[in-house]
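Colleague: One structure follows; several queries about it will come next.
The values are calculated or read from the model by the stated rules, or taken from the named source; none is laboratory data. Bear in mind that the values here come from a model prediction, so they are computed numbers and not experimental data. Reconstructed Cβ throughout: ideal geometry from the backbone, glycine too, with neighbour counts over all protein chains shown. SASA here: full protein model, heavy atoms, side chains in, ligands and nucleic acids out. Shrake-Rupley method; radii C 1.70, N 1.55, O 1.52, S 1.80 Å.
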Amino acid sequence: DKEQARRQSLLEEVIEDDDWGRLLASLELAPMVRELASNCQPEKHEDGLLVLRLSHRHETLRSETNVKRLQQALSEHYSEALRIDYVVEDRVEDTPAEKAKRRAEQAQIRAEAAVESDGVVQSLKDRFNAVVVPGSVRPLN
């Protein structure tokens with residue numbers, strides 16, 4: 001039916017366009033369910049079955065309750081009874097959680113570089129032999 005084909009197409013677009021993180025942000029998910037979903041990478045969607053890749057490291061998040069809640073949230077969002085299958089792998093990259101971690105690391109590096117290159121900081125270092133305490137710099141969000 002046309003409606004089912006439209007819903008399948010929407011979910012396939014999320015997978016192809018790498019919009020999984022944006023989709024998750026739009027859903028009201030319990031924190032542990034969001035953590036599970038954020039550490040997954042969608043692989044494919046066929047005939048009402050969504051296949052998600054999950055690393056061994058995050059397999060403990062895959063509790064029966066979390067799985068049911070994620071399945072329910074996605075089914076409601078797409079108005080389709082979705083089933084979810086998990087493929088557990090050694091490493092899964094490009095999950096929303098991994099991307100957020102990389103963004104945070106990059107922001108930290110930029111913040112530290114900005115402090116180190118600041119004229120006032122340089123003057124204090126030169127004049128008083130000051131040092132920036134490692135770990136004391138935090139990026140502004």
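Colleague: Using P(r) over Cα pairs in 10 Å bins from 0, in percent as the read-out, say which of (1) 13, 43, 36, 8, 0; (2) 11, 33, 23, 14, 11, 7, 2, 0; (3) 10, 21, 16, 14, 12, 9, 7, 5, 3, 2, 1, 0 was calculated from these coordinates.
Modeller: (2)
Colleague: Ignoring any ligand, DNA or RNA, what whole percent of the accessible area of the range 38-141 comes from carbon and sulfur when the probe is 1.4 angstrom? Please report the intermediate quantities before stating the final value.
Modeller: On the way: 3400 of 6870 Å².
Looking at the range 38-141 in its full context, I get 50 percent from C and S.
Colleague: As I understand it, the value is the acute angle between the Cα axis of helix 96-117 and the longest principal axis of the Cα atoms of the chain; what does it come to in degrees, rounded to 10?
Modeller: Result, in degrees: 10.
Colleague: Once amide H atoms are placed 1.01 Å from N in the peptide plane, what residues at a sequence separation of 5 or more from Glu80, or on another chain, have their amide H within under 5 Å of its amide H?
Modeller: Correct list: empty.
Colleague: Give, as a single signed number, the net charge of other residues whose beta carbon lies under 13 Å from the beta carbon of Arg57, with Lys and Arg counted +1 and Asp and Glu -1.
Modeller: Working: positive: Arg53, Arg62, Arg91, Lys101; negative: Glu35, Glu59, Glu89, Asp90, Glu93, Glu98.
Around Arg57, the surrounding residues sum to -2.
Colleague: What are the ³J(HN,Hα) couplings of the range 33-47, residue after residue, when phi is run through the Karplus curve with 6.51, -1.76, 1.60 and θ = phi - 60°? Round to Hz, x for glycine and proline.
Modeller: For the range 33-47, the Karplus-derived couplings read 5, 4, 5, 4, 4, 5, 9, 10, 10, x, 9, 6, 9, 9, 6 Hz, x marking Gly and Pro.
Colleague: What value, in deg cm²/dmol to 500, does the helix sum -39500 (n - 2.57) over DSSP H runs of n ≥ 4 give at 222 nm once divided by the residues of the chain?
Modeller: Numbers: 6 runs with 77 residues, N = 141.
The helix-only estimate for the chain comes to -17500 deg cm²/dmol at 222 nm.
Colleague: Between Leu49 and Leu140, what length in nm is gained on full extension when 0.36 nm per residue of separation is reduced by their alpha carbon distance? Don't jump to the answer; show the numbers that get you there.
Modeller: On the way: separation 91, 0.36 × 91 = 32.76 nm, distance 4.09 nm.
Length difference between fully extended and current span is 28.7 nm.
Colleague: If you keep only loop residues by DSSP, which trypsin sites (Lys or Arg not before Pro) in the range 36-94 have at most 15 other Cβ atoms within 10 Å of their Cβ? Walk me through the intermediate numbers first.
Modeller: Numbers: sites: Lys44, Arg53, Arg57, Arg62, Lys68, Arg69, Arg83, Arg91; in loops: Arg62, Arg91.
In loop regions of the range 36-94 (DSSP not H, G, I, E or B), the sparsely surrounded trypsin sites (Lys or Arg not before Pro) are Arg91.
Colleague: Could you check the spin-label model distance between Val121 and Asp85? Points 7 Å from the Cα along Cα→Cβ, value in nm.
Modeller: 5.1 nm
Colleague: So, for the chain, what is the accessible surface per residue at a probe of 1.4 Å, expressed in square angstrom? Provide the component values of the computation, followed by the final result.
Modeller: On the way: 9270 Å² over 141 residues.
Here the residues of the chain average 66 Å² of exposed surface.
Colleague: Moving on. In a shell of Cβ-Cβ distance under 13 Å around Arg110, excluding Arg110 itself, what net charge do Lys and Arg (+1) and Asp and Glu (-1) give? Present the calculation step by step, with values, prior to reporting the outcome.
Modeller: On the way: positive: Arg102, Arg103, Arg138; negative: Glu105, Glu112, Glu116, Asp118.
Value of the local net charge: -1.
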